[in-house]
1. Looking only at the range 777-787, filter to residues that are crowded, with 16+ Cβ neighbours inside 10 Å and not charged (D, E, K, R); which one of those is modelled with the lowest pLDDT?
2. Among the candidates V174, V205, which residue alone is assigned by TED's automatic domain parsing to the domain that holds L152 and at pLDDT 90 or above?
3. Given the conditions (1) in contact (Cβ under 8 Å) with a residue 12 or more places away in the chain; (2) assigned to a helix (DSSP H, G or I); (3) closer than 23 Å to L342 by Cα; (4) out of contact with any Phe, Trp or Tyr (no Cβ under 6 Å at 6 or more places or on another chain), and given that K315 satisfies all but one, which numbered condition is not satisfied?
4. All but one of (1) in contact with a Ser or Thr (Cβ under 7 Å, 6 or more places away or on another chain); (2) touching a residue at least 40 places away in the same chain (Cβ under 8 Å); (3) on the phi > 0 side of the Ramachandran plot hold for G331, so report the exception by its number.
5. Select, from V115, V148, the only residue that is β-branched (V, I, T) and crowded, with 18+ Cβ neighbours inside 10 Å.
6. Return the residues of the range 113-152 that are hydrophobic (A, V, I, L, M, F, W, C) and in contact with a Lys or Arg (Cβ under 8 Å, 6 or more places away or on another chain); say none if nothing qualifies.
7. Name the single residue, out of those in the range 580-601 being in a strand (DSSP E or B) and surrounded by 18 or more Cβ atoms within 10 Å (Cβ to Cβ), that is farthest from the chain's Cα centre (by Cα).
8. If you take the residues in the range 629-674 that are touching a Lys or Arg at 6+ places or on another chain (Cβ under 7 Å) and hydroxyl-bearing (S, T, Y), which one is nearest to N694 (Cα to Cα)?
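The values are calculated or read from the model by the stated rules, or taken from the named source; none is laboratory data. These figures come from a predicted structure and were not determined experimentally. Note that we place each Cβ from the backbone using ideal geometry, even for glycine, and neighbour counts take in every protein chain shown.
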Amino acid sequence: MYKYILAVFSLLCITVAANAQVTDTVPAGQTPDSLSYLNPKQYIIGGVTVSGVKNLDKDALITISKLNKGESITLPGEANARVVKAMYEQNLFDDVQLNITRVNLDTVYLEIAVVERPRLSRLHITGISKGQIEDVQKKLNDKTGKIVNENLLSTTTAIILRHFNEKGYYNATVDIKQRPDPGDENSVILDVAVNRGKKVKIKSVEFDGNQAFTDKKLRKFLKNTRTKKFYNIFGSKKFKEDKYLEDKQTLVEKMQAEGYRDAQVLSDTVTRNDNNTVNVKIKVYEGPKYYFGNITWSGNAKYPTDYLNRILRIKKGDIFSEEELTKRLSGPTPSNDDVSSLYLNDGYLTYNSDPVQTRIYGDTVDLDIRIYEGPQYTINRVLVKGNDVTNDKVVRREIRTKPGQKFNKELLIRSTRELSQLGSFDEQKTEPRPTNINPADGTVDIEYNVVEKPSDQIELSGGFGGGQLVGTLGLSFNNFSLRNIFNLDAYKPLPKGDGQRLSLRGQSSGRLYQNFSFTFSEPWLGGKKPIFFSLSAYTQGSSTGQYYPKSSPYYNKLRINGVGVTLGKRLNWPDNYFQLNYSLNFDHYNLDNYPGYLFSNGTSYNIKLTQELSRNSLDAPIYPTMGSNIKFTVQATPPYSLWNNVNYKIATPAERYKWVEYHKWKFDAQWFQRIYGKLVVMSQARFGFLGSYNSLIESPFERFKLGGDGMQTYQFLQGSEIIGLRGYQNFSIVPVGSNYTANNNPGSSIYNKFTLELRHPVINSQSATIFLLAFAEGGNAFNRFKDYSPFNVKRSVGVGARIFLPIFGLLGLDYGYGFDRIPGIPDANKGQFHFSISQSLSGGFN
């Protein structure tokens with residue numbers, strides 16, 4: 001209203017200003033009529049100018065005023081008020097006047113004089129922490145440079161309040177004051193004082209009107225509106241209005257999903273208490289419970305009605321649920337056995353279904369499911385976009401949708417999984433989509449949009465073990481290109497793009513201990529078939545010769561060298577998730593007065609052939625939510641004792657262990673399942689057995705050491721397999737009756753281990769993945785099969801966290817509590833912290 005009062009006041013000023021202007025500008029001898037509301041006069045507009053403008057377009061303002069040269073205007077009159085009103089409505093000015101600058105007979109020249117409102121130069125936010133200020137300013141960056149008016153002030157306040165409301169600060173307040181910017185006379189600084197107050201928490205959630213549903217069950221439907229309980233690990237007790245509105249809708253949907261199709265929220269109240277809490281009360285209407293009646297199908301030409309009914313798996317008399325009906329018709333279902341998958345896997349890309357409720361009688365609902373099948377589509381082209389580093393051939397060979405095939409939804413999903421398993425792309429952003437759908441000829445293009453992510457990793461760490469400091473440097477190049485090794489232009493810092501893996505790792509404490517290893521792998525040997533090839537080599541040494549002479553009892557020396565080659569092939573039976581690998585390895589051991597094995601002096605050779613049959617159907621390599629990873633491994637050496645003519649009853653250790661012989665059997669399995677929201681359960685079972693061909697010969701190598709973090713730490717244990725068991729010291733789980741300790745444990749020939757983990761992500765993005773976990777596990781080690789008892793295990797529970805950074809790999813920290821004492825090792829159990837690095841990638845076992 002005040003703007004219009006100003007407008008009237010401006011019109012009154014026009015008369016005075018006009019008289020003054022006319023007196024000054026009208027030539028001598030000419031006396032115009034005095035401008036007055038009692039005697040208005042019509043003029044022709046000779047021109048319009050604008051004054052006082054600094055940042056705005058003058059021509060645009062003249063257009064807004066609708067004062068056009070050559071048109072007639074009555075002064076004083078309503079046109080004056082319209083011009084001033086139109087200018088004020090732009091919310092750009094603090095003052096607007098319409099002045100007459102000159103009158104020449106019946107021609108008038110006008111001036112629109114304005115005072116621009118100041119613009120925002122910056123926000124000065126106080127009352128909250130530096131990090132919170134940065135978060136708020138990110139949401140207000142677009143306000144800088146804009147006109148400071150009521151709209152800007154109100155939207156700024158609303159954005160800040162919404163930011164803190166989302167975090168549970170429902171009583172937050174914002175006070176904004178303006179002050180001139182000393183550096184710019186037409187700009188102002190907004191001093192924004194924020195008081196976020198205390199978090200508003202939910203004291204109670206109650207229901208009214210419910211009979212079929214208990215209060216407890218209805219509360220479970222409110223995912224984000226719940227009171228804090230000890231069992232509510234991941235639920236929030238903060239009251240957030242936007243989440244509360246979502247929860248009310250979810251509440252109705254969940255009630256309807258259980259047959260109460262008329263369910264609704266009649267009313268709700270949120271009552272604030274003085275102690276920054278609220279009480280929530282929701283009145284619901286349940287209505288009667290409904291059931292499915294007769295189900296008919298229309299428009300189905302491809303599949304008969306009986307077959308569609310078997311896929312739908314809904315019968316007359318089942319509880320009516322639109323949610324379940326939609327899932328069975330359109331998915332997704334865990335096994336992709338919904339009706340839409342039936343059609344989409346057979347090329348019917350434009351398939352659609354519309355379930356129509358044709359009759360409702362009593363508590364029964366009859367349905368007619370009307371199907372549009374459309375034509376079968378054939379894939380015309382397969383396009384790949386976003387692979388700026390990885391070569392096209394590496395991406396395309398993992399894609400299972402090929403030109404000329406019928407469109408297949410299952411192969412589209414599988415292709416997405418295979419691309420994520422490469423480790424070169426952000427699995428959260430890999431997006432396949434059909435494009436250029438052409439009903440005329442039944443063709444469609446498939447476009448895969450991928451986003452490259454850093455895949456190389458570096459391990460740089462230091463640790464204290466064996467009484468000395470040990471440093472480790474490891475480099476893993478996971479998208480290496482061997483064919484460009486001599487192309488200097490391809491070094492960034494090494495050639496990339498062919499999906500090969502090159503790993504270099506060194507560990508040393510000086511001359512006392514060194515360990516260097518090299519691994520190269522090619523998943524598509526020859527480039528045409530998925531033949532896996534790997535070549536590895538390592539050397540490891542330890543010596544106290546720098547401290548003690550060879551004649552000293554404290555002198556010891558160890559040198560282990562090894563090479564290995566692996567060939568593998570993907571299988572199509574029993575299904576195409578299977579992989580079969582064969583490995584041939586040669587290890588050379590040279591021990592000189594060295595403890596920790598079944599013998600301490602001599603040279604030993606270990607030639608082993610390994611066959612591994614595996615099946616990996618995990619949906620993601622770093623944070624799987626469904627699927628399994630199963631491996632069955634058999635490893636064996638030649639049975640030298642059958643032909644080497646050595647009498648092992650009287651053989652010396654050097655003769656007994658010169659040629660190592662054994663057979664080794666392992667079974668490892670993991671299962672992942674999403675159980676609620678983002679909460680995932682992982683169950684794992686592991687078993688290992690090291691056997692011999694000759695009862696007189698035990699293998700000193702390839703044994704199992706159980707306990708601790710599972711890391712291959714400073715223990716010179718390349719000849720043993722390290723199995724973690726959190727809550728216990730490293731290598732402390734020894735067979736009952738043995739005199740082993742964690743320091744002199746040569747390993748056991750049998751072990752088993754069981755693990756159950758609950759996992760929940762904190763961050764799951766391209767730049768980082770962080771998840772928390774709680775675990776319970778148990779395991780034990782045995783030396784003889786007659787002592788083996790699978791459920792006689794050392795038990796532990798605990799919590800932990802995993803952080804995946806592309807450059808460093810997976811970092812882990814666990815705290816475990818072991819319940820069972822280890823005879824002879826009093827400090828082996830109870831509370832133990834465990835740190836791990838670069839473990840458990842791609843569904844690895846720990």
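1. The first filter runs over the range 777-787 and keeps only residues crowded, with 16+ Cβ neighbours inside 10 Å, leaving 777-783.
This time we only want the ones that are not charged (D, E, K, R), so: 778-783.
Working: G778: 97, G779: 97, N780: 96, A781: 95, F782: 94, N783: 91.
Result: N783.
2. Values: V205 fails: assigned by TED's automatic domain parsing to the domain that holds L152.
Selected residue: V174, the only one of V174, V205 that is assigned by TED's automatic domain parsing to the domain that holds L152 and at pLDDT 90 or above.
3. For K315, the failing item is (2).
4. Of (1) in contact with a Ser or Thr (Cβ under 7 Å, 6 or more places away or on another chain); (2) touching a residue at least 40 places away in the same chain (Cβ under 8 Å); (3) on the phi > 0 side of the Ramachandran plot, only one is false for G331: (2).
5. Working: V115 fails: crowded, with 18+ Cβ neighbours inside 10 Å.
Unique residue meeting the criteria: V148.
6. Taking the range 113-152 and keeping what is hydrophobic (A, V, I, L, M, F, W, C), we get 113-115, 120, 123, 125, 128, 133, 136, 140, 147-148, 152.
L120, L123, I128, I147, V148, L152 - these are the residues of the range 113-152 that are hydrophobic (A, V, I, L, M, F, W, C) and in contact with a Lys or Arg (Cβ under 8 Å, 6 or more places away or on another chain).
7. Ranking the qualifying residues of the range 580-601, first place goes to L591.
8. Y648
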